[in-house]
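Trainee: Pasting a structure below so you can have a look.
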Amino acid sequence: MKALVLEEYNKLVYKDVADPQTGAGEVLIKVKACGICGSDVHGMDGSTGRRQPPVIMGHEASGEIVELGSGVTRWKVGDRVTFDSTVYPLDDWYTLKGRYNLSEGRQVVGVSPKDYKRHGAFAEYLVVPQHILYRIPANVSFEQAAMVEPAAVAAHAVRLSGVRAGDSAVVLGSGMIGTFIVSMLKASGATPVIAVDVDGAKLRMAVKYGADVTVLSGNQLVAETVRSHTKGRGADFGFEAIGISATVNTLIDSLRKGATAVLVGNVTPAIEFPLQKVVTGEITVQGSCAINGEYEIVLNMIAGGSLKVNDMISAIAPLSEGAEWFRKLYHREGNLNKVILVP
């Protein structure tokens, strides 16, 4: 089969590779669409350490089942499916406690840290276990289904936070995940929802997805602006969707005492942390990792029209042109949002 392979850092090659083989409880999927995630772009140059070449990246995908491994039930050839980005063991302690995203031995599709290598969906075919599959509703396209993974990451963060109708919220970072967080917050009844970014175009997209207030952080004092829209106190909930010291510190500055900060972004492995502000303000800090059952929620939202993902799709291109689209995203050319590659 053909695949887009990260042969070495900053070198993506479209080439022939061996076809994947199904094992017990697995299905072979003919990939119909796969989105380029920001983590793939950062992983391409080795800066995160989560993509060690040679590896086939890609985890935001959808397709059609073309082969069943032994013991597969509930699925048949021809089913339209998407799948969780986390491959988790069913018998793990965390999985049995309902927290499969934290399970020991879990693997992420298209990721290859030192302890495992799991090839991904920038390829014609992919094998995954049946228990991570989700059926695509009839009125949802393959391209729309490839958007479910980032939206589900956002849905998980919002569900984990405990935000309720009427709570105020600020979101640092209006990229793909941050904008979906804005949308999920509005669906939860939060108000006002304040989006913060250095890019005016991204803030305009956040408004489309429900932001009540936007803050262009390069031109405005973020914390002061947030307080001006939250009765002088600061937001009840804050979400950081980047993962660097500066934005985490800005988030904490923008919250009221007793608030909750949800950390979603993890571009850098370590940050400088405002310990005294968190302690003296009794701020709850909550990490949010991947997805824990939110796929079906997001698929239903897309099918029902309450979550519109088409505006986020900047381009749909052949997988053979993938290296060039990675280059454009890496160099931030053309104000691109999601690029979807089609084998």
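Trainee: Report every pair of residues separated by at least 6 positions or lying on different chains whose Cβ atoms are under 7 Å apart, first residue within segment 105-131 and free of Cβ contacts under 8 Å to residues at least 40 places away in the same chain, second of a type in the set (D, E, K, R).
Mentor: Once the first residue is free of Cβ contacts under 8 Å to residues at least 40 places away in the same chain and sits in segment 105-131, its partners that are of a type in the set (D, E, K, R) give GLY105/ASP92; GLN107/ARG118.
Trainee: Still on this structure, I have one more. Condition first: in contact with a Gly (Cβ under 7 Å, 6 or more places away or on another chain) and open to solvent by less than 50 Å² (accessible area, probe 1.4 Å). Now tell me which residues in segment 196-215 satisfy that.
Mentor: The answer is ASP197, and nothing else.
Trainee: Residue check: is VAL153 part of a helix (DSSP H, G or I) and open to solvent by 10 Å² or more (accessible area, probe 1.4 Å)?
Mentor: Spelling it out, VAL153 is indeed part of a helix (DSSP H, G or I) and open to solvent by 10 Å² or more (accessible area, probe 1.4 Å).
Yes/no matrix, rows are residues, columns are (1) of a type in the set (Ser, Thr, Tyr); (2) under 30 Å from GLU333 (Cβ atoms):
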{"residue": "ALA190", "(1), (2)": "no, no"}
{"residue": "ALA195", "(1), (2)": "no, yes"}
{"residue": "VAL198", "(1), (2)": "no, yes"}
{"residue": "LYS202", "(1), (2)": "no, yes"}
{"residue": "VAL207", "(1), (2)": "no, yes"}
{"residue": "VAL226", "(1), (2)": "no, no"}
{"residue": "THR230", "(1), (2)": "yes, no"}
{"residue": "ALA235", "(1), (2)": "no, no"}
{"residue": "ILE242", "(1), (2)": "no, yes"}
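Trainee: State whether the residues of segment 33-52 include one that is outside any loop (DSSP other than H, G, I, E, B) and in contact with a Pro (Cβ under 7 Å, 6 or more places away or on another chain).
Mentor: No, segment 33-52 contains no residue that is outside any loop (DSSP other than H, G, I, E, B) and in contact with a Pro (Cβ under 7 Å, 6 or more places away or on another chain).
Trainee: Yes or no: GLY258 at pLDDT 95 or above, assigned to a strand (DSSP E or B), open to solvent by less than 20 Å² (accessible area, probe 1.4 Å) and of a type outside the set (A, V, I, L, M, F, W, C)?
Mentor: Here the answer is no, as GLY258 does not meet what is asked.
Trainee: While we're looking at this one, here's another question. Scan segment 101-142 residue by residue and report those that are open to solvent by less than 10 Å² (accessible area, probe 1.4 Å), under 24 Å from ARG50 (Cβ atoms) and assigned to a loop (DSSP other than H, G, I, E, B).
Mentor: SER103, VAL109, GLY110, GLY120, ALA121, PHE122
Trainee: Counting only residues that are among the hydrophobic types (A, V, I, L, M, F, W, C), in contact with a strand residue (DSSP E or B) (Cβ under 7 Å, 6 or more places away or on another chain) and either open to solvent by 80 Å² or more (accessible area, probe 1.4 Å) or over 17 Å from GLU60 (Cβ atoms) (or both), how many does segment 295-316 have?
Mentor: 1
Trainee: Also: Would you call GLY210 modelled with pLDDT of 95 or more, closer than 23 Å to ARG159 by Cα and more than 25 Å from the chain's Cα centre (by Cα)?
Mentor: Against the criterion (modelled with pLDDT of 95 or more, closer than 23 Å to ARG159 by Cα and more than 25 Å from the chain's Cα centre (by Cα)), GLY210 does not qualify.
Trainee: Consider THR280 against the criteria (1) more than 19 Å from ALA157 (Cα to Cα); (2) out of contact with any Lys or Arg (no Cβ under 9 Å at 6 or more places or on another chain): it satisfies all of them except one. Which criterion is unmet?
Mentor: Condition (2) is where THR280 drops out.
Trainee: Checking PRO269 against (1) outside any loop (DSSP other than H, G, I, E, B); (2) at negative phi: exactly one of these is not met. Which one?
Mentor: Condition not satisfied by PRO269: (1).
Trainee: Would you call LEU319 touching a residue at least 60 places away in the same chain (Cβ under 8 Å) and either aliphatic (A, V, I, L, M) or surrounded by 16 or more Cβ atoms within 10 Å (Cβ to Cβ) (or both)?
Mentor: It is true that LEU319 is touching a residue at least 60 places away in the same chain (Cβ under 8 Å) and either aliphatic (A, V, I, L, M) or surrounded by 16 or more Cβ atoms within 10 Å (Cβ to Cβ) (or both).
Trainee: Next up: Among the residues that make up segment 8-22, is at least one of them under 12 Å from VAL127 (Cβ atoms), open to solvent by less than 50 Å² (accessible area, probe 1.4 Å), modelled with pLDDT of 95 or more and not in a strand (DSSP E or B)?
Mentor: Within segment 8-22, one or more residues are under 12 Å from VAL127 (Cβ atoms), open to solvent by less than 50 Å² (accessible area, probe 1.4 Å), modelled with pLDDT of 95 or more and not in a strand (DSSP E or B).
Trainee: Can you run down the residue pairs with Cβ atoms below 8 Å, 6 or more apart or on separate chains, where the first is in segment 61-80 and on the phi < 0 side of the Ramachandran plot and surrounded by 14 or more Cβ atoms within 10 Å (Cβ to Cβ) and the partner is assigned to a loop (DSSP other than H, G, I, E, B) and among the basic types (Lys, Arg)?
Mentor: ILE65/LYS76; LEU68/LYS76
Trainee: Starting from residues that are open to solvent by 10 Å² or more (accessible area, probe 1.4 Å) and part of a helix (DSSP H, G or I), keep the ones in segment 159-183 and report whichever is nearest to PHE237 (Cα to Cα).
Mentor: Here the answer is SER161.
Trainee: Report whether or not ASP84 is acidic (Asp, Glu) and out of contact with any helix residue (DSSP H, G or I) (no Cβ under 6 Å at 6 or more places or on another chain).
Mentor: Here the answer is no, as ASP84 does not meet what is asked.
Trainee: With respect to VAL41, is the statement that it is β-branched (Val, Ile, Thr) and open to solvent by less than 10 Å² (accessible area, probe 1.4 Å) true?
Mentor: No: the conditions fail for VAL41.
Trainee: How many of the residues in segment 81-100 are farther than 27 Å from GLU143 by Cβ and either open to solvent by less than 70 Å² (accessible area, probe 1.4 Å) or small (Gly, Ala, Ser) (or both)?
Mentor: Number of matching residues: 4.
The values are calculated or read from the model by the stated rules, or taken from the named source; none is laboratory data. What you see is a predicted model; the values in this text were computed from it and never measured. Neighbour counts are summed over all protein chains in view; Cβ atoms, including those assigned to glycine, are modelled from backbone coordinates with ideal geometry. The area values use the complete protein model at the heavy-atom level, side chains included, leaving out ligands, DNA and RNA. Shrake-Rupley method; radii C 1.70, N 1.55, O 1.52, S 1.80 Å.
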